[in-house]
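All of the numbers you see were taken from the coordinates with simple rules; none came from a lab. The model shown is predicted, which means the values in this text are computed figures rather than measured ones. Cβ atoms come from the backbone with ideal geometry, glycine included; neighbour counts cover every protein chain shown.
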Amino acid sequence: MTAHLLDGKQLAKARRKRLMERVALLRNRGIIPHLSVILPTCDEAARAYFRVKARTATQLGIEVESITLEAPSTADIVSHIKSWAHDSTVSGIMIEAPVPPGIDMQAVRNALPAAKDVDGAGIESLGRLLSGKPAFPPATAVAALALAETVGEVAGKHAVVIGRSLVVGRPLALLLLARDATVTVCHSKTRNLSEIARRADILFVAVGRAGFVTGEMVAPGAIVIDIGTNAVDGKLVGDVDASTVEPVAGALSPVPGGVGPLTTTLLLEHVVQAAERTIG
Ligand SMILES: NC(=O)c1ccc[n+]([C@@H]2O[C@H](COP(=O)([O-])OP(=O)(O)OC[C@H]3O[C@@H](n4cnc5c(N)ncnc54)[C@H](OP(=O)(O)O)[C@@H]3O)[C@@H](O)[C@H]2O)c1
């Protein structure tokens, strides 16, 4: 068996076509979807992620503004969020990761208003997700789920999520539960992780370690969604060792070309949705 590769680029392209039509409708009514981004770092990866987002947004007719804070304080970030929260021309607000150490992320999360929190990072958004009525869930988690759903429904399947971060693993587990999957979440203290992973119908991997999941951790025919992005020798690689997993899995999302490109498009969908909600 060789895994069917899940093409995030193609899926993103199809969704962007529909998104462009929605932006045109909004613009006809005098509303320009607008994303405001805090770049609180001179981190090169964060700048690269932002450039991709800004380029894609511009192609779609979405405005993007960014504020680069070289040595930000929590107060700087919160102050920008509060000002954008009250600005009716701003549809969505996000903070580009990684956020430098020393920032009180709890205070930043508390300041993000759910209606504009397009990457679902705020405390209100996370609470809504927990209650099953999300405003905007984190785009990466939505993208991972959307790719898995191209293969079939997740309802009733055993989904194993490796990673429990607030930005990926936990929200993804909640989205899967809301779709009636049976969910197991693994983390660094999980015992017998390989054995648990082998029991997954769908295995989601968000660990941040290149090649962490190998072929012997995957059940024959399982769907494997690789969320990891790691730079190794100047190349982008995932958390899944594709050379050993591809011969075993039924489907695999590649890195690059899987979750990543879809995440950008889904984030921009959230920006458009936020703008649409302002007109009811
Ligand atoms: N494609 C995209 O759009 C996108 C977006 C965001 C992130 N990512 C990528 O996704 C990956 C995860 O990101 P993140 O922000 O969730 O990372 P993170 O905050 O560092 O969380 C990593 C998670 O992996 C777990 N873990 C670490 N070592 C482990 C081990 N040996 N066994 C089992 N679990 C282990 C950690 O467990 P503990 O909780 O016990 O520490 C933690 O829950 C990274 O590669 C990141 O670059 C991709």
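Would you be so kind as to identify all helices of the chain, as entire DSSP H runs, whose Cα atoms reach 18 Å or more along the helix's own axis and whose mean Kyte-Doolittle hydropathy is at least -0.5?
Helix filter hits for the chain: 44-60, 259-277.
Which residue fluctuates most in the GNM of the chain (Cα springs below 10 Å): G221, G92, G122?
Highest fluctuation of the listed residues: G221.
Take V64, V218 and order them by how many other Cβ atoms sit within 10 Å, fewest up front.
V64, V218
How large is the dipole of the chain about the Cα centre if only Lys and Arg carry +1 and Asp and Glu carry -1, each at its Cβ, rounded to the nearest 20 debye?
Result for the chain is approximately 560 debye, rounded to the nearest 20.
Want the number for H4 to D104: 0.36 nm per residue separation, take away the alpha-carbon distance, what's left?
Value of the extension gain: 31.8 nm.
So if we plug the beta-carbon distance of E44 and S88 into 1/(1 + (r/R0)^6) with R0 = 25 Å, what FRET efficiency do we get, rounded to 0.05?
The computed FRET efficiency comes out at 0.15.
For the residue pair I67 and A24, what label-to-label distance in nm results when each label sits 7 Å from Cα along the Cα-to-beta-carbon direction?
For the pair I67/A24, the computed spacing is 3.5 nm.
Please report, in debye to the nearest 20, how large the charge dipole of region 138-260 is about its Cα centre when each Lys and Arg carries +1 at its beta carbon and each Asp and Glu carries -1 there.
For region 138-260, the charge dipole is close to 420 debye.
Which lysines does K116 reach when only Cα atoms under 30 Å apart count, and residues fewer than 8 places away in its own chain are ignored?
Here the lysines satisfying the reach criterion relative to K116 are K9, K13, K17, K53, K82, K133.
Sequence-distant or interchain residues sharing an amide H contact under 5 Å with H4, placed H: which?
Distant-sequence amide H within range of H4: A251, L252.
Can you give me the relative contact order of the chain as a percent, contacts being Cα pairs under 8 Å and 6 or more apart?
Dividing the mean separation by the residue count of the chain yields 22 percent.
What dipole magnitude, in Debye to the nearest 20, does region 85-181 give about its Cα centre under +1 on Lys/Arg Cβ and -1 on Asp/Glu Cβ?
The dipole of region 85-181 has a size of about 260 debye.
Arranged by the count of other C-beta atoms within 10 angstrom, fewest first, what order do T41, T89 take?
Exposure proxy ranking, most exposed first: T89, T41.
Restricting to the chain, what percent of DSSP beta bridges are antiparallel, rounded to 5?
10 percent
Assuming 0.36 nm per residue, please report the length gained on full extension of the stretch Q59 to V232 beyond their Cα-Cα distance.
59.2 nm
Starting from the amide H of I162, placed 1.01 Å from N in the peptide plane, find each other amide H under 5 Å away whose residue is 5 or more places distant or on another chain.
Residues meeting the amide H criterion: C186, F204, V205, A206.
Sort I31, I227 so that the residue with the fewest other Cβ atoms within 10 Å of its own Cβ comes first and the one with the most comes last.
Neighbour counts put them in this order, fewest first: I31, I227.
Taking just the alpha carbons, could you work out the radius of gyration and Dmax for region 43-102, both in angstroms?
Considering region 43-102 through its Cα atoms, Rg and Dmax are 12.5, 36 Å.
Between V167, V37, V99, find the one with the highest GNM mean-square fluctuation for the chain; connect C-alpha pairs within less than 10 Å.
So, out of V167, V37, V99, the one fluctuating most is V99.
Under a 5 Å amide H to amide H cut-off, with H placed in plane at 1.01 Å, what residues pair with S73 once short-range neighbours are removed?
It is none; the list stays empty.
Starting from the Cα coordinates of the chain, work out the convex hull volume and express it per residue in Å³.
Normalising the Cα hull of the chain by residue number yields 126 Å³.
For region 1-85, what is the per residue volume of the convex hull drawn over the alpha-carbon atoms, in cubic angstrom?
134 Å³
Among T244, T190, T263, determine the one that fluctuates most according to a GNM of the chain built with springs between C-alpha atoms less than 10 Å apart.
T190
Could you please tell me the mean projected area of the C-alpha convex hull for region 1-50, averaged over all directions and given in square nanometres to one decimal?
With the hull built on Cα positions only, its mean projection is 5.9 nm².
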